[in-house]
Structure formats: C-alpha cells, structure tokens
Amino acid sequence: MFNMLRMDLRRLFKSRSFYIVLGITALLLILVTVMARSLSDPETLAAMEEQGAEIDESDRMMSEYIQNMSQLDFMHESLGSGFLLVMTGIGMTLFVNGDFSSGFIKNICCVNPRRRDYVLSKVALAGIYSGIITVLSVLLILLSPVLIHMYPVPDSISQIWRYTLWMWLPHWAFALMTLALVLLTRSTTLGIILSLVAGSGLTAAFVGALGKLLHWPPLEQFFLSSVVKSVYVPQNGITQGWMILACTLTWAAIYGIGSLLSMEKRDI
C-alpha cells in the first residue's frame with residue numbers, strides 16, 4: 001500500500017491536471033477577493049452611483065459588512081460555498097481515471113493482485129489531495145487581501161487551524177465519493193457531473209425540498225455540501241466538531257466500502 005501511495009504522489013506532482021485544478025482554484029479565489037475589495041470600498045460605490053448605477057441601502061449594508069469581516073468570516077464566505085468540493089471532486093476524478101485510461105492499474109494489479117491495497121492507497125491519496133487544496137486555499141485567502149490593501153479583523157492562529165481541519169475532513173470524504181464513482185464506471189463523466197451537482201449543494205437542496213413535501217426530518221443537513229457550509233457561522237464561530245466528524249466518517253465509510261466492492265466485483 002505504501003509503495004503504491006509513493007508512486008501515486010510522484011505521479012500526482014507530475015500531473016498536469018493537478019496544477020490546472022490548483023491554478024483555477026487560485027484564480028477564482030483571487031477574483032472573489034478583488035470583488036470583495038471593490039464592494040467594500042465606499043469610493044467605488046460612489047463612483048458607480050455617479051456613473052448611473054443604482055446603489056441602494058442593501059449595497060451599502062453589504063459594503064459595511066465586508067469592511068467589518070474577520071479573517072474567518074471572509075474565509076468562510078469565500079470557501080464555504082462548495083466550490084472547493086467541486087474542484088476537489090473534479091481533480092480526484094481526473095487523476096484516478098488516469099489509472100484506467102493509461103493502463104497503469106493493470107500493471108499495478110499484476111504486480112500486486114491485492115486490490116484492497118490499491119483502494120487503501122487511493123483513500124490516503126484522496127486525503128492528501130483534498131488537504132493540499134484546502135490548506136493552499138486557506139493560505140491564499142489569508143494573504144491575497146493584504147496584497148490589495150484589504151485588512152479583515154485578524155483571528156487567532158489556533159482558530160484558523162481548527163477551521164482548516166474541519167474544512168478538510170468533509171472535502172476528504174467528498175474526494176472518496178468521486179473515487180468510488182470512477183472505480184464503478186471507469187470513466188470521468190459521472191464523477192465530474194456529481195462533483196458539480198453535489199458540491200454546489202443541488203442534491204442537498206433537492207432532498208430538502210422533497211423532505212418538506214413528504215414531511216421527512218431535515219436529512220439535507222447531513223450532506224457534505226451542507227456540512228461544509230455549517231463549519232463556521234459568523235458571530236458564533238466554529239460549530240460543534242462532532243457533527244462534522246460523524247458525517248465525514250459515515251460518508252467516508254460508505255464511499256470506501258463502495259470503492260472496495262467496485263474493485264472486487266468488476267474486472268479491470
């Protein structure tokens with residue numbers, strides 16, 4: 001398993017898709033930061049109003065809200081929307097599918113017929129992949145506002161590390177979802193589609209709407225996109241970790257078992 005993981009890491013850092021995913025993620029975060037800086041600047045709003053744009057009280061309240069944000073407030077507004085789930089899922093889908101499209105998996109399973117070791121190495125790789133994206137995104141959100149003279153109220157380092165940890169765990173479980181889908185379908189199509197749909201919260205919204213019609217309990221709160229959004233609540237801080245941990249472990253177990261079954265029950 002560890003030999004497979006080392007090979008996967010070498011291939012990951014040589015993979016073009018990995019750096020494309022990181023680049024797109026960084027670009028989107030920088031654009032969000034620039035937009036927030038523009039909206040928080042009273043002079044920008046005044047200039048827009050002079051040019052004929054309609055600026056109402058809600059726009060001014062939004063500007064004041066952004067000016068008074070703490071680092072964690074701004075971080076979660078940028079990262080808690082679910083787009084990191086989307087990027088993690090797409091990136092993991094492209095990387096794992098490369099094992100099938102290149103024939104790498106046939107060579108590996110001929111040398112080591114124990115397919116369980118292959119799945120376990122990919123589970124560990126999913127944790128590393130999601131961890132890299134999460135940590136780099138947090139660092140970028142901390143540094144990029146300073147470069148454009150935007151200074152959110154600072155939070156303690158311990159709070160930022162706690163936030164990073166609780167954000168990383170559901171992203172790891174989400175990466176395992178795409179791993180299971182690729183091992184099941186041997187293609188990228190379903191993994192990319194579900195990364196977009198589930199990561200953006202559409203599946204949780206659908207289940208929530210259906211639950212209201214059928215009078216179900218609020219099951220949508222247990223979806224990973226909802227878990228990510230609830231990691232941090234402005235004014236209240238980081239939410240209870242047991243809920244995040246329980247949802248992460250449950251989904252990780254489901255997707256991990258699904259990955260094992262997909263490898264054991266299908267020919268390569």
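The values are calculated or read from the model by the stated rules, or taken from the named source; none is laboratory data. Model, not experiment: these values are computed from the prediction. Note that we place each Cβ from the backbone using ideal geometry, even for glycine, and neighbour counts take in every protein chain shown. Ligands, DNA and RNA are stripped out before the accessible areas are found, and what is left, the full protein with its side chains, is counted by its heavy atoms. Shrake-Rupley method; radii C 1.70, N 1.55, O 1.52, S 1.80 Å.
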(request) Find the relative contact order for the range 38-173 and round it to a whole percent, using C-alpha pairs within less than 8 Å whose residues are 6+ positions apart. (result) 33 percent
(message) Rounded, prolate or oblate for the range 1-52? Axes are the square roots of the Cα gyration tensor eigenvalues, ordered a ≥ b ≥ c, and the cut-off for rounded is a/c under 1.5.
(response) prolate
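At a threshold of 8 angstrom on Cα-Cα distance, excluding pairs fewer than six apart, so keeping six or more, what relative contact order does the chain reach in percent? It would help to have the intermediate numbers written out before the result.
Details: 285 pairs, mean separation 71.0, N = 268.
Computed value for the chain: 26 percent relative contact order.
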(message) Tell me the per residue accessible area of the chain using a 1.4 Å probe; a whole number in Å² is fine.
(response) 52 Å²
(message) Could you give each residue of the range 223-233 its phi-based ³J(HN,Hα) in whole Hz, using Karplus coefficients 6.51, -1.76, 1.60 with θ = phi - 60°, and x for Gly or Pro?
(response) 6, 5, 5, 6, 4, 4, 5, 8, 4, 9, 10
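Grab the Cα-Cα distance for Ala253 and Ile24, subtract it from 0.36 nm times how many residues apart they are, and report the gain in nm with one decimal.
Result: 79.5 nm gained on full extension.
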(request) Calculate how steeply helix 16-40 sits against the longest principal axis of the alpha-carbon atoms of the chain, using the helix alpha-carbon long axis, and give the answer as 0 to 90 degrees to the nearest 10. (result) 10 degrees
(message) Give me the percent of accessible area attributable to carbon and sulfur for the chain, probe 1.4 angstrom.
(response) 68 percent
(request) Take the Cα gyration tensor of the range 1-147, multiply each eigenvalue by 5, square-root it, and list the three semi-axes largest first, rounded to whole angstrom. (result) 44, 14, 11
(request) Mind jotting down the three principal axis lengths of the range 170-253 based on Cα atoms? Whole angstrom, largest first. (result) 43, 30, 21
(message) Restricting things to Cα coordinates, could you compute the convex hull volume per residue of the chain in Å³?
(response) 160 Å³
(request) Enumerate by residue number the GluC sites (Glu not before Pro) in the range 47-106 meeting two conditions: DSSP loop (anything except H, G, I, E, B), and at most 15 other Cβ atoms within 10 Å of the site's Cβ. (result) Glu54
(request) Find the lysine pairs in the chain meeting two conditions, Cα atoms under 24 Å apart and a separation of 8 or more places or different chains, and report how many there are. (result) 6
